[in-house]
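A quick write-up on the structure given underneath.
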Amino acid sequence: MTVTSQPGAAESNASASGPSGPAAETVPPALRFEEVSVGFKNHIAVRGVTLEVPARQVTTLVGPSGCGKTTLLRAVNRMHDHLDGQVEGRVLLGDLDVYGAGTRAELVRSRVGMVFQRPNPFPTMSIFDNVVSGLRFAGIRKKPVLKEAAELALRQAALWDLVEHRLHQPAVRLSGGQQQRLCIARALAVQPEVLLMDEPCSALDPIATAKVEQLITRLAHEVTVVLVTHNMFQAARVSDHVAVLLMGEDRVGELVEAGPAAKVLHSPDDPRTMEYVSGRVG
Amino acid sequence: MKRRAAVAALALVVPLALGTSIAVGQDRPAARVADASGKDITLDGAGANSIEPFFSAVFYNYHKQYPNVTINYSPAGSSVGVSDIQQDTVAFGDSEIPMAAKDLAKAKGTVLQIPVDLGGVAISYNVPGAPKGLRLDGSTLAAIYEGVITNWDSPALAQATGVSNLPNLRIVPVHRADSSGPSWDLDEYLIQNSSSWVSKTGTTDPSKTWPLTSVGVGEQLNSGVATYIAQTPGAVGYVEYGYSLEAGFTDASIRNKVGDYVAPSSTSIDAAGLQAAGKLSASNFNIIDEPGAGTYPLANFSWTLLYQKQSNANTGLALQRLFTYVITTGQLQAAKLGYAPLPLSVVALSKATLAKVENSAGQLLAT
Amino acid sequence: MPAVHWGSSSTRLLLQGRQGQRRGRAYRPAYLVGAAVFGAVVIAVVVSIATGSAQAFAHYGLSFVWSGTWSPTTGQYATGILVVGTVVTTGAAMLLATPIGLGAAVALSELVPRKVAAAASTFVELLAAVPSIVVGLWALLVLSPMFARHVEPFLRSLPVLGGAFSGPAYGPSILLAAVVLAIMTLPTLVALSRTALRGVPVEDREAALALGATRWQVVRKVVLPTARPGIGAAVTLALGRAMGEAIAVALVIGNRPALPHSLIAPGATLGSAIVNQFAEAQPGLGTSSVIALGAVLLVLTVAVNIVGQMLRRAGASAGPMAPLPVGAPGGAVLTIEAPAQSVGKAASSGRAIAAPHSAEGSLPRRLVSGAVGEVACVVALVAAIAPLIALGWYTVARAWPALSFGFLVHPVVPFGVSGGGISTAIAGTARTVGLALVMAAPAGLLTALFLYERPGRLPAALRFSADVLSGVPSIIIGIFAFEVVVRPMHHPSTFAGALALAVLMLPIMVRASEEAIRSVPVDLQEAGAALGAARSRVVRSVVLRGSLPGLISGNLLALARVTGETAPLLFTLASPALAMSLLIYTNGTEPFPSVQQEAWATAFVLLAAVLALSAIARGAAWTLTRRAR
């Protein structure tokens, strides 16, 4: 990451948070964590997180590796279910209790999109099939509907002009950055309320990273974004809100501080945040 | 680290050691009881499969009596027996059908062909409620194997057998899938007794491979045919009489040359041998459908093949002694295993042929 | 050949001095010789079959291959009909085995709890070692009557499908042979397919899950399509194995060399015809014709195996999709679009799709169809394993009364003599297999080292031929040993049998050893080399020692595989009393209860030996690997 790119990105950040800022005051949170702990067979990864994620804004989880940011993120759409992960506390998606009795994981996930660290388009599918795969999973078969949704999602992911004429080529022929934007389009196609992004740029080069970051800030007009990153520059560039997770003395991740990005990153209340942020930034 | 190495070494070495030690153990000298010649000797033979039960029993007892003589018989098939003798790679061969002149011409000297056992082929059936000794003649048997008669209660069968209450059950004709003496025997009998069989198969030359495979089921070896008959109601097939006897099968009575219906037994098979005895020779070996009341029509000799001139006199003597035992004392076991003891005149023929064995100088070896 | 050293200090070994260096000079020639031996074996197999069948092809011309004339006395074996029979029988077997095997693999890889899956997978892999003669015998004695009485009449009575099952219900039939082949190939099919399914990256599964897919949808839409090349390879390799199976098929197919008009009619395959006709073929042209059947079978199976191996390689390289490097065509030209006005418009119309709503509405249906699919897979898993469990139970039940200490230590005696046992057969099997191991192990290890040391086309070709050779039917290897040993020496022998088994073992050993050697981390070797050790010394003290568990388990698995072989010994050993598998073959088909019982007791001993060898192989690899860590 070049330092020169920072001012520009910061500008776009400011412009992004500007209009959506006031909206956050009035709209109820898209996502709420209440005393959430996630544990695996023989250890607890993250403990006692209580956090509100404002709708239509970018909320970033930052912290050193191993502090449980990804674990917390994956708790939102129940991605620990198939790995024997235990989630305690409540996660509320709108007014849906994600871990409530009778709540199906499939239903939660159809309202939450996710983008992973490495681009992971389905290798056997074409670009088009990848984008509409979520809709097909949901049982939508009508070609016109799928086509419209694909175009919309690809436009949202700033990929449409690039792939318009090769929608039926294998997705894996795209470059890494394009693949990642395809994955974003795929996640957007199901019209999620919340988009979870787990270090989406960690496998990308700087140019592709810049594109994705630009996308993120723009997407926040449409959808609530929860981003995980260990890159403080990135957090500064794209976030409206920042939540800092750090490891406690027993090596269990805890939420230390959360709030508007400018405040948390420049004048945090908690000394531990200060230490972490200044260590990274300074 | 050492222990790991040891375990590893052990894992590699144990199967090997096991193999070698057992291999060595195999060759341990047996307790010596002197044969007349006294020396250790091994006789290798190869040939017909259907004589294997008889040979293995006789050779086993012979070795028990004379531990210095070890006999390895490889039941690889009659043709192997013939070709091995032609190439002089075995001490003796065995064939269901003796070598013809053109085969003998390829041999490396005069080959003596000695009848060593007399066997019969039973037509066995598994039909619940059917009587023993169901009467079958050549054309009926052919019709069954041609797939013309397909049910046990068919009128044609009732007429031929004289039994009218056979069950309504599909006939499953079983034949040998491999080449074999019994196939040759039955084929020859059907060729002699059914014109439709000849026209269906298109030849009057009997074949060791069953000629009409499009009907019924083919099974391997006597054992396969016998097992199939045993487990399949409605099945009818041909097996060495010994198998039928041991398995307790119901056998058909087969119409012979003079119109008698005869069931297989040591006596009736022996009768076939007796009919042939006077004129029997390696070139006139066929004893299918011999005349005479009480003669079973599906009978055959098995022939042992060995060179008249034996370059090693010890081997020659040992062979002479072994097969003298086979055609005399060994015949007692024949009856137990379902073969018929050789008729005395045939024993005489065998003895006379065995007596011709010579050493390399052309002198007769005395028994 | 480089000896494997078992010192306690690798440094001491590395710096052992001049003597070691002198021996080190033999390293390169040694592995070159090993590779040469392996190459020679591959060529010898092909050449022996070619020369053995030359007379038949010279006499009948190439039309021998599609001839429909069955006349064994003149050496005409209706090759065309046998080819059709082979294709129909093995095709039917694969139609049966593929859905069951795939379902079972899905169940093992995706559905059942991980601990159960691990145990069940090991069990399935052990089942792959069950000798085919035991399966064939069980089918002959148990399945065949059952088919004649119940299965075939039932199929015949079906409304529409019945047409494919017309004619008398004999028991032995193309259908029964296909079922037997399916049972026999299922363990391999399940194990290979499961490996292919497990190879689908977790990222792909999670991507689908995160989109709201049900577990079943993940399987159907993502895992199965991604694993398709691997699954294709598994099916093709199983097909190759089914094509080459001779003895078990000959026992249950009814041996009718005619064009099949019904699936329950008896039929014949190339393999079954070879088993039936080889021994009694007319010397000369007849024998050559049977070998020509082998040549045709060889070409068929090699073709199938080449396809299978190519699919397998395609599947392996497809694996997790690496993104194209930056700067790849189309990768660098990025145009950042301004958020177009149309987006908002499309977005509003997009809302009408209401995907989450649709997801909720379709969920019950999706869950039900998922449950149906998952239950079907678990049923398939049971169906894949159940026949072999039934077989095991039957073996134990029938063997039990005959098993005694005396049975193990007394020699085989002829029928009618009492007090016999199977010690000669146990010894014969141990001797033949042991000799085969001695012949194959050094060449196998050296060839593996060659493949490891040398880059380029020759090793790649050798590796490929090892994979293809491992799919060559064992009966053809039997003919090979007959041609190169039994025919010139004019007598069957332990050596001939051992040679056949050694050729069967060799490709398995080569590939398993190479894999084991490659599993040694490169940095360990570099550490050795950095200490100034010669290449040969690094190989001996680092590579070979590090790969020891893999080497041992690979060799033991090869050993287990050939211990139960019957077909290659049929024409090469002097007597059925000289191998357990042959004894089972000859005695098991006898109609006499006492003899059958002994055959089953023999089968029990053989089964125990083979399973023990495979289990030890896995166990050894496991403990040694664990201790090495």
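Quick notes on this one:
- Candidates in the stretch A:153-206 are the residues that are in contact with a helix residue (DSSP H, G or I) (Cβ under 6 Å, 6 or more places away or on another chain) and among the basic types (K, R); of these, the one that is farthest from A:V228 (Cα to Cα) is A:R155.
- Candidate set: the stretch C:144-156, residues that are within 11 Å of chain B (Cβ to nearest Cβ) and of a type in the set (A, V, I, L, M); chosen: the one nearest to B:E219 (Cα to Cα): C:A148
- The listed residue being at pLDDT 85 or above, at the interface with another protein chain (Cβ under 9 Å from one of its Cβ atoms) and farther than 30 Å from B:A46 by Cβ, out of C:L573, C:L556: C:L556
- Test for A:H221: is it more than 19 Å from C:L211 (Cβ to Cβ) and either modelled with pLDDT of 90 or more or surrounded by fewer than 17 Cβ atoms within 10 Å (Cβ to Cβ) (or both): no
- Checking B:I114, B:I85, B:I97 one by one, the residue that is assigned to a strand (DSSP E or B), under 30 Å from B:I327 (Cα atoms) and not assigned by TED's automatic domain parsing to the domain that holds B:I229 is B:I114 and no other.
- Scope the stretch A:220-252; condition in a strand (DSSP E or B) and either closer than 18 Å to A:A157 by Cα or in contact with a Phe, Trp or Tyr (Cβ under 7 Å, 6 or more places away or on another chain) (or both); matching residues: A:T224, A:V225, A:V226, A:L227, A:V244, A:L246
- Residue match in the stretch C:586-602 (condition: farther than 20 Å from C:V417 by Cβ, touching a residue at least 12 places away in the same chain (Cβ under 8 Å), part of a helix (DSSP H, G or I) and out of contact with any strand residue (DSSP E or B) (no Cβ under 7 Å at 6 or more places or on another chain)): no
- The stretch C:205-237: number of residues that are in contact with a Ser or Thr (Cβ under 6 Å, 6 or more places away or on another chain), under 26 Å from C:R365 (Cα atoms) and surrounded by fewer than 24 Cβ atoms within 10 Å (Cβ to Cβ): 1
- Members of the stretch B:79-110 found to be among the aliphatic types (A, V, I, L, M) and buried (at least 22 other Cβ atoms within 10 Å of the Cβ), listed by number: B:V80, B:V82, B:I85, B:V90, B:A91, B:I97, B:M99
- All helices (runs of 4 or more DSSP H) inside the stretch B:275-367 with 2 or more residues being more than 19 Å from the chain's Cα centre (by Cα) and free of Cβ contacts under 8 Å to residues at least 60 places away in the same chain: B:313-327, B:344-354
- The stretch A:93-111: number of residues that are under 18 Å from A:S37 (Cβ atoms) and not in a strand (DSSP E or B): 3
- Qualifying residue in the stretch B:293-302 (condition: in contact with a Gly (Cβ under 8 Å, 6 or more places away or on another chain) and β-branched (V, I, T)): no
- Count - residues of the stretch A:244-282 that are among the small types (G, A, S) and surrounded by 14 or more Cβ atoms within 10 Å (Cβ to Cβ): 6
- If you go through the stretch C:263-285 and keep only what is out of contact with any strand residue (DSSP E or B) (no Cβ under 7 Å at 6 or more places or on another chain), at the interface with chain B (Cβ under 9 Å from one of its Cβ atoms) and crowded, with 24+ Cβ neighbours inside 10 Å, you end up with C:A268, C:S272, C:V275, C:N276, C:F278, C:E280, C:A281.
- The residues listed here are B:A334, B:A355; of these, the one that is at pLDDT below 90 and farther than 20 Å from B:V82 by Cα is B:A334.
- Flag for A:A158 being within 7 Å of chain C (Cβ to nearest Cβ) and in a loop (DSSP other than H, G, I, E, B): yes
- Any hit, the stretch C:448-470, residues being in a helix (DSSP H, G or I), basic (K, R) and within 14 Å of chain B (Cβ to nearest Cβ): no
- Residue under evaluation A:G139, criteria (1) crowded, with 24+ Cβ neighbours inside 10 Å; (2) within 7 Å of chain C (Cβ to nearest Cβ); (3) at pLDDT below 90, criterion not met: (1)
- Only residues that are in contact with a helix residue (DSSP H, G or I) (Cβ under 8 Å, 6 or more places away or on another chain), among the small types (G, A, S) and either surrounded by fewer than 22 Cβ atoms within 10 Å (Cβ to Cβ) or more than 9 Å from chain C (Cβ to nearest Cβ) (or both) were counted across the stretch A:100-136, and they come to 2.
- Single condition B:G181 does not satisfy, out of (1) more than 9 Å from every other protein chain (Cβ to nearest Cβ); (2) out of contact with any Asp or Glu (no Cβ under 7 Å at 6 or more places or on another chain); (3) surrounded by 19 or more Cβ atoms within 10 Å (Cβ to Cβ): (2)
- Residue list for the stretch B:68-82, filter: part of a loop (DSSP other than H, G, I, E, B) and more than 11 Å from every other protein chain (Cβ to nearest Cβ): B:N68
- Within the stretch C:428-440, restricting attention to residues that are facing chain B (nearest Cβ under 8 Å) and surrounded by fewer than 23 Cβ atoms within 10 Å (Cβ to Cβ), the residue that is nearest to B:G330 (Cα to Cα) is C:L435.
- Test: residue in the stretch B:198-214 that is at the interface with chain C (Cβ under 8 Å from one of its Cβ atoms) and in contact with a strand residue (DSSP E or B) (Cβ under 6 Å, 6 or more places away or on another chain): no
- Residues in the stretch C:474-519 that are under 15 Å from C:S553 (Cα atoms) and not in a helix (DSSP H, G or I): C:S519 only.
- Lone unmet requirement of (1) within 14 Å of chain B (Cβ to nearest Cβ); (2) surrounded by 17 or more Cβ atoms within 10 Å (Cβ to Cβ) for C:S71: (2)
- Across the stretch B:119-143, the number of residues qualifying as crowded, with 24+ Cβ neighbours inside 10 Å, outside any strand (DSSP E or B) and in contact (Cβ under 8 Å) with a residue 60 or more places away in the chain comes to 2.
- Residue in the stretch A:196-205 that is facing chain C (nearest Cβ under 8 Å), assigned to a helix (DSSP H, G or I) and either more than 12 Å from the chain's Cα centre (by Cα) or modelled with pLDDT under 90 (or both) present: no
- If you go through the stretch C:153-191 and pick out every residue that is part of a helix (DSSP H, G or I) and either surrounded by fewer than 24 Cβ atoms within 10 Å (Cβ to Cβ) or in contact with a strand residue (DSSP E or B) (Cβ under 8 Å, 6 or more places away or on another chain) (or both), you end up with 14.
The values are calculated or read from the model by the stated rules, or taken from the named source; none is laboratory data. Remember, it's a predicted structure, so these values are computed and weren't measured experimentally. Note that we place each Cβ from the backbone using ideal geometry, even for glycine, and neighbour counts take in every protein chain shown.
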